1. Residue under question is C:Ala113, and the condition is that it be away from chain B (no Cβ under 14 Å) and more than 30 Å from B:Gly78 (Cβ to Cβ); does it hold?
2. Which of (1) of a type outside the set (Val, Ile, Thr); (2) more than 11 Å from every other protein chain (Cβ to nearest Cβ); (3) part of a helix (DSSP H, G or I); (4) open to solvent by less than 20 Å² (accessible area, probe 1.4 Å) does B:Leu62 not meet, given it meets every other one?
3. Condition first: within 9 Å of chain C (Cβ to nearest Cβ) and open to solvent by 30 Å² or more (accessible area, probe 1.4 Å). Now tell me which residues in the range B:81-107 satisfy that.
4. Would you pick out the residues in the range B:189-216 that are open to solvent by 60 Å² or more (accessible area, probe 1.4 Å) and modelled with pLDDT of 90 or more?
5. What number goes with the only condition from (1) out of contact with any helix residue (DSSP H, G or I) (no Cβ under 6 Å at 6 or more places or on another chain); (2) more than 14 Å from chain B (Cβ to nearest Cβ) that C:Trp13 does not pass?
6. Counting only residues that are within 14 Å of chain A (Cβ to nearest Cβ) and among the β-branched types (Val, Ile, Thr), which one in the range C:171-192 is surrounded by the most Cβ atoms within 10 Å (Cβ to Cβ)?
7. Looking at the range A:51-80, I want the residues that are acidic (Asp, Glu) and have a partner that is at pLDDT below 90 with Cβ atoms under 9 Å, at least 6 apart or on another chain. Which pairs are those?
8. So C:Ala81 passes all but one of these: (1) more than 11 Å from chain A (Cβ to nearest Cβ); (2) on the phi < 0 side of the Ramachandran plot. Which condition number does it fail?
Amino acid sequence: MKGLWMSEWLRLWSRKRTWGMFLMMPVLVYAAARYCLEQNGALSPGMPEYATVWNFPVLALAEHLMTVFNLLVVVLLAAAVTEEARSGQLRFLLLRAVTFAELFWAKWTVVLAAVGVFLGAFYLECWGIGWWLFERTETVGLFYREGAFAGGEAVRYGLAYYGLAGLTVVAMASVMLLLAVMAQTATAAVGMGIGWLLLSFGWPVAARMFGAQVQSLSITHIQHQGIAAMLADGRPMMRWNLGVMVCYVAVCLTVGYLWFVKRRGLDV
Amino acid sequence: MTESVLEVIGVTKKVRGRTLVDDVSFAVKKGEICGFLGPNGAGKTTLIRLLTGLIVPTSGELRIAGVNVQKERKTALGKIGAMVESPVFFPYLSGRKNLLNLARLHPELKGKRAREERVKDVLSLVGLAGRGDDKVGTYSLGMKQRLGIAQALLGRPEVVILDEPANGLDPLGMRELRELILSLRDQFGLTFFVSSHLLDELQQICSRLVVIREGKLLWQGETRELVLRAGADGRLEDAFVELVRG
Amino acid sequence: MFELFVSEWERMWARKKTVVTLVLFAAVSVLAAMWLSRFGVGFVNAGTEVRLDAWNFPAFLLKETSFVLMLVAAPMLFVDALAGERVQGAYRMVLLRPHGRGALLLAKWVALAVWVAMLLAVVLAVGVIAGQTWLGDGGALTERAAAASAAGLASFGDVLAYYGVFYLIAVAAMGLCTLICLLVPSTVLAYAGLVGSYVGMLYVSEHLRFFLLGGEAVFQVLSGNGAGVFAMALGSVMVLSFGASWVMWKKRELC
């Protein structure tokens, strides 16, 4: 299992596309920083949206780039699961006494680990670029929290935010994994993934009248508003949102696993 | 003297500084079955892709029935039927529907009836008449290979180029393939250019052989000349190995 | 040429995905129509809203479904036809036939352009029927006039113009997709590249937002704001992407 995992991991990173996407990250962070600088002109210091060194990592992720991670998951899974299975590349692996179950878990954990690396690198890049471009203010405001906070507190908040953001990506990835397993072709996997994202964006608007809990059935809604709400004073949405994510992961992984194993690795 | 219907004249193909085919020249005469040999990576498929206009040479000229493949690609392709690498069909369409779709691309097959007739003919030529309406996804490797030959015959070509047609065939399938090629040559005067690893097969049907190694022409001539090199009871395989090892 | 087109068209429909996509897209259009008609108000842009009625409904319905069209229903088939067949190797069988490469590409473009037209026709049909069934003929004349000036929709002809301009955007996306499919070696990357370039253009210039926010951009064009700049931007993307793809398609090793 360890050997299989390493071989999947190394294969992922032997691809130009993985490195291409990895090297795109600082460019995106820089673009987000320019955007935040522009926005700062219209905001007063102390507001949660006002970007400083301390809260830029959170703002960069929350404002735009959560979607980038969702798309990253779509691409990585469509390539690692659908494309390989349909082009018969899995056959070579299966000749080496690897079971479908092992292969399934290896692929899943490798993609998660890669996303973890991307997210970690993104966080550090935000600090690097933020340190260069933003003010180091004494205090900073935080979403849905009363008062002003010192830099250290903001950093702790940021880490918690990234942790929860990571969890939302895991939930999103489990849906994408299911879609990738079900799709007949790699383009269908990407199309279904993007379709799911659009549905997730549309859901909170359509379900507005039913309140925050129903809206939070959409993972992208949790990403855009739910994480801040989970970290707000009193942690009002923490349990519900975590529950939603756990349900996604449990259902999608179970169905995806059974599908993959029953269909013998997608009929290789 | 019989005319040459397939001519390769001083052809070189370089890709990113690597020379895949290096100044190769040879010719195949009308009605001949010419075998094309070489170890793996010798440049066989590259040369076949050049002959079928899928890629263009860095220098040199390729002619089919006197027509330059680069300058008059369309006319040249009208004279070729080819199977390059393993044939890929739509698995959820029947063999017949796959062929009907490709038949549309032959201008000389005008009208639905003409196409259906032709598809019926080529299916029965390759012995798939009874399975034509089954989905290609249900075909064995050998049947797909035969369907690949059938699509090559759609446009009534003068020259048929086959890249590893015996891949995946069982002994019976290989024998049928051999008989098919011989009968097409005898019935319609077709010229064949066939690459293969299966030397015994080539020995049985090819009157001529072209051998390349590392992109360069190593040998060309009549099959029995090469076989004789290996001694009186020689097999082509022995002669080939000896030749390639130098 | 006609046979080339039919062959391409047949191969497109030979993929199960095409039928499934069309059915799902129609379902999405109906759902969006139900939701939109219940809401009763359409957004020309974030700040301007217009009361919906039977005659302007199809335009607003297209705006709502435009994301699914531009991000899923159209590109999935674009990528399959322009890259999928080649990556898979099936297209080799076509390249071996006696036709010029330009003609083969033209056949693909025509088939895909017809596909996009079909998608738009589905939305238009759903929009007209839903509008007639669920919405009235509009309110007071003053309200209609306000809608006309905000959205540039004064008559059904304007609604058709809305569809026409949107169609041009989708065709430009096809050109862009052709180019990307020739530049990257995998269908997943080509698809992601197309979506990425929609988003990237948003950052490059405000005038290139029409790929992602087409519904809004067309309203702006029809109400007479910046139609010239729009035409220039769209025209440049089309000329560059179709031109470069044409040259590359004829020269490059395709399969």
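The values are calculated or read from the model by the stated rules, or taken from the named source; none is laboratory data. Here the structure is a predicted model, which means the values were calculated and not measured. Quick reminder, even Gly has a Cβ in these numbers, built from the backbone with ideal geometry, and neighbours come from all protein chains shown. To get the accessible areas, we keep the full protein, side chains included, count just its heavy atoms, and leave off ligands, DNA and RNA. Shrake-Rupley method; radii C 1.70, N 1.55, O 1.52, S 1.80 Å.
1. Against the criterion (away from chain B (no Cβ under 14 Å) and more than 30 Å from B:Gly78 (Cβ to Cβ)), C:Ala113 does not qualify.
2. (3)
3. Listed by number, the residues that qualify are B:Glu85, B:Ser86, B:Val88, B:Tyr92, B:Leu93, B:Lys97, B:Leu100, B:Arg104, B:Pro107.
4. B:Arg213, B:Glu214, B:Lys216
5. (2)
6. The qualifying residue surrounded by the most Cβ atoms within 10 Å (Cβ to Cβ) is C:Thr187.
7. A:Glu63/A:Ala32; A:Glu63/A:Tyr35; A:Glu63/A:Cys36; A:Glu63/A:Gln39; A:Glu63/A:Glu49
8. (1)
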